[in-house]
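The values are calculated or read from the model by the stated rules, or taken from the named source; none is laboratory data. Predicted model only: the values in this text are computed from it and were never measured. Note: ideal-geometry Cβ built from the backbone for every residue, glycine included; neighbour counts use all protein chains shown. Accessible surface areas use protein heavy atoms only, side chains included; no ligands, DNA or RNA. Shrake-Rupley method; radii C 1.70, N 1.55, O 1.52, S 1.80 Å.
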Amino acid sequence: MQLSESVRKRIDEARAQYPPEQNRAALIWALHAAQDEYGWLDEPTLESIAEYMDLEPIKVYEAATFYDMFNRSPVGRHQIKVCTNLSCMLCGSDGIVDHLRGKLGVDFGETTEDGRFTLTEVECLGACGGAPVVWIGKDYYEDISPERMDEILASLD
Ligand code: FES
């Protein structure tokens, strides 16, 4: 498959930030660009990124599978990433997870039938001071309660 013009443009912009011999440093930005456009990263996309950046495909696979932020399977329109690490767990993330499971009828790794929400468990989001924390799209939501979670869900299309 051919990467779209907008993805190639974003990759070119990222690569321009690094010396040519450190081309690989732009890989994370390339993966973000592709995921923003396609929603998730399938094998043809990863192979196209490797080819476009002149990298070994295994290097691209390694990065795409190492980081939580990259999806290797399709996700809903909104991916709800709930931190269940220590600080969030101590501040009630289990209750948030139970609330979301009950309200959405899905477990971690699953998408609602209408394709609207995917529920995802993530490790520490680096915002422990605001625990419990939920990450949706480009926004972090802190000090989440079940009631606040309902408000957030209602605000999403
Ligand atoms: S433990 Fe949840 S943000 Fe750090």
Going through region 137-156 in order, the residues found to be of a type outside the set (D, E, K, R) and without any contact (Cβ under 8 Å) to a residue 12 or more places away in the chain are TYR141, ALA154, SER155
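Restricting to region 62-73, and then to whatever is surrounded by fewer than 17 Cβ atoms within 10 Å (Cβ to Cβ) and not charged (D, E, K, R), can you tell me which residue is farthest from GLN17 (Cα to Cα)?
Residues of region 62-73 that are surrounded by fewer than 17 Cβ atoms within 10 Å (Cβ to Cβ), as a first pass: 62, 65-69, 72-73.
Narrowing further to those that are not charged (D, E, K, R): 65-67, 69, 73.
Numbers: THR65: 24, PHE66: 23, TYR67: 22, MET69: 22, SER73: 30 Å.
The selected residue is SER73.
Between SER87, SER48, which is surrounded by 14 or more Cβ atoms within 10 Å (Cβ to Cβ), closer than 30 Å to GLU151 by Cβ and at pLDDT 95 or above? Talk me through it step by step, then tell me what you get.
Numbers: SER48 fails: closer than 30 Å to GLU151 by Cβ.
Of the residues listed, the single one that is surrounded by 14 or more Cβ atoms within 10 Å (Cβ to Cβ), closer than 30 Å to GLU151 by Cβ and at pLDDT 95 or above is SER87.
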Where the second residue is hydrophobic (A, V, I, L, M, F, W, C) and open to solvent by less than 40 Å² (accessible area, probe 1.4 Å) and the first is without any contact (Cβ under 8 Å) to a residue 12 or more places away in the chain and lies in region 39-51, which pairs have Cβ atoms under 7 Å and are six or more apart or on separate chains?
ALA50/VAL60
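Looking at this structure, is LYS9 open to solvent by 50 Å² or more (accessible area, probe 1.4 Å), out of contact with any Pro (no Cβ under 8 Å at 6 or more places or on another chain) and assigned by TED's automatic domain parsing to the domain that holds ILE136? It would help to see each step written out before you state the result.
On the way: open to solvent by 50 Å² or more (accessible area, probe 1.4 Å): yes; out of contact with any Pro (no Cβ under 8 Å at 6 or more places or on another chain): yes; assigned by TED's automatic domain parsing to the domain that holds ILE136: no.
No: the conditions fail for LYS9.
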Looking at (1) open to solvent by 80 Å² or more (accessible area, probe 1.4 Å); (2) touching a residue at least 60 places away in the same chain (Cβ under 8 Å); (3) more than 28 Å from GLU47 (Cβ to Cβ), which is the only condition ASP98 fails?
(2)
Given the conditions (1) surrounded by 12 or more Cβ atoms within 10 Å (Cβ to Cβ); (2) away from the ligand (no atom under 16 Å from the Cβ), and given that ASP157 satisfies all but one, which numbered condition is not satisfied?
(1)
Of all residues making up region 35-78, the number that are charged (D, E, K, R) and within 11 Å of the chain's Cα centre (by Cα):
3
State whether the residues of region 43-57 include one that is assigned by TED's automatic domain parsing to the domain that holds THR118 and farther than 28 Å from ARG116 by Cα.
no
Exception for MET69 within (1) closer than 25 Å to VAL134 by Cβ; (2) at pLDDT 95 or above; (3) aliphatic (A, V, I, L, M) falls at (2)
